[in-house]
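Just so it is clear, none of the values below were taken in a lab; they were calculated from the coordinates. Quick caveat: nothing in here was measured; it's all calculated off a predicted structure. Here Cβ is always computed from backbone atoms with ideal geometry, including for glycine, and neighbour counts include all displayed protein chains.
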Amino acid sequence: MLSPEENELLTRVGPGTPCGELFRRYWLPIAPVSDRSDRTPTTHVRVLGEDLVLFRDAIGKIGLLGDHCSHRGASLLYGRVEERGIACAYHGWLYDVDGNCLETPAEPHDSRLHRTVKHPAYPVQEQYGLYWAYLGPRPAPVLPRWDIADFGPVFPTGAQRFDCNWLQGMENHMDQAHVFILHQDSAQRGVAGMSTARGRIDSLQTLEYAEEPFGIRRRQRHASGYDDVDLMIFPNAQRTYNHIGVRVPIDDHHMVRYSVWVDVGDVPGAARPGRHPGDLNGGAELRRGIWPTKSPADAVYPVATYRMDGVQAQDLMALETQGAIADRTQERLATSDRGILLYREVLKREIEKVRRGVDPVGVIRDPDVPPINTYFGQWLAMVQRFPPQPR
């Protein structure tokens, strides 16, 4: 279990918090590229407890600015996108993508007030069909690439929101044992659906976790000979199957998961565009970012009723019913929680490195560094040897 102070350290992500400062050393996905269009030139983004507005100016530059105008705090979400940037609808203060104030129209013609204003602004890049932002100190590191893009075209799917703290989502990734019990009827290979207390845990021989330069390698060996290796990309991404999910804290009590898939064609066990294990309604709702896994959709336990008919729904139940921030002072960890314990130790160590002014693990400064190896090629070979059987 953790002390109350340790739980606070690892879960709080707002400006100035130790874990928030750690997250601000990494590029984070903030929106699908498809969210922004000529009809919707601005998009509200909330990430790490900050309210921001994403926009593309009239000459094609992408900007990410603090949502509240530096003048009197009106939202720039409703601003006018112009050739030089975005102008606040309230009084016309105009900002470029770097946060420089270019005009203050209501001031005298010879006023130089705008030269004294520097609005919060963050760099943005496009990759894998997503906009990525860097909220930390300059210079920004290199936006990492993943090995999955070497195996086929990649595409994002709709973002899934969770009404709970980000750490619950990442600890779920570091808990491979739950897959054999919680998902026993929806995510296991070659066995018909079932419903027992033990699930399929007896088919599992070993679980292994080992730290690597870009995160934590997970490995599970099955009695059948199936041997699966993947990578938790520190601090907040996980490659499973032909998919990488990135969990991004909205604030202390909410997170969103952005998903990037690689289309490897007709390989058995690989998801096709719009479909993946646990997908609902053939992928149409997934592509639109709709996840009808609880009712009411904006409620949480015990008010909400959670569906249990797929991987996504089952995970949502398990994460949200722990509470907005899980009380880790009351937990009783066991041998199957080795991955969670390792992940927490790495988190605490890397938070301390940031406090000392040192780059944390996985921050890339060399643009020539090759894509991160998530062991996708090994998974692809293994899944072809052990194709899933029809249910």
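Segment 200-219 and segment 227-255 have Cα centres spaced 15 Å apart. For the chain, C19, C101, C164 have no disulfide-compatible partner, since no other Cys C-beta lies under 4.7 Å from theirs.
Give me F234, F151 sorted ascending by neighbouring Cβ count inside 10 Å, so fewest comes first.
If I rank by nearby Cβ atoms, fewest first, I get F151, F234.
Shape verdict for segment 221-261, please, from the Cα gyration tensor: rounded (a/c under 1.5), prolate (a/b greater than b/c) or oblate.
It is prolate, given that a/c is not under 1.5 and a/b is the larger ratio.
Of interest is the spacing of the C-alpha centroids, which for segment 155-181 and segment 39-63 amounts to 26 Å. Helical runs (DSSP H, four residues minimum) scored at -39500 (n - 2.57) apiece and divided by the length of the chain put the mean residue ellipticity at 222 nm at -4500 deg cm²/dmol. Please say if the chain is rounded, prolate or oblate, where rounded means a/c under 1.5 for a ≥ b ≥ c the square roots of the C-alpha gyration tensor eigenvalues, and otherwise the choice is prolate for a/b larger than b/c and oblate otherwise? Prolate. In this Cβ point-charge picture (+1 for Lys and Arg, -1 for Asp and Glu), the chain has a dipole of about 300 debye about its Cα centre.
Using unit Cβ charges (K, R positive; D, E negative) and no other charged atoms, how large, in debye to the nearest 20, is the dipole of segment 42-134 about its Cα centre? Numbers along the way, then the final one.
On the way: 9 positive and 12 negative charges, 18 e Å.
Using only the charged Cβ atoms, the result is roughly 80 debye.
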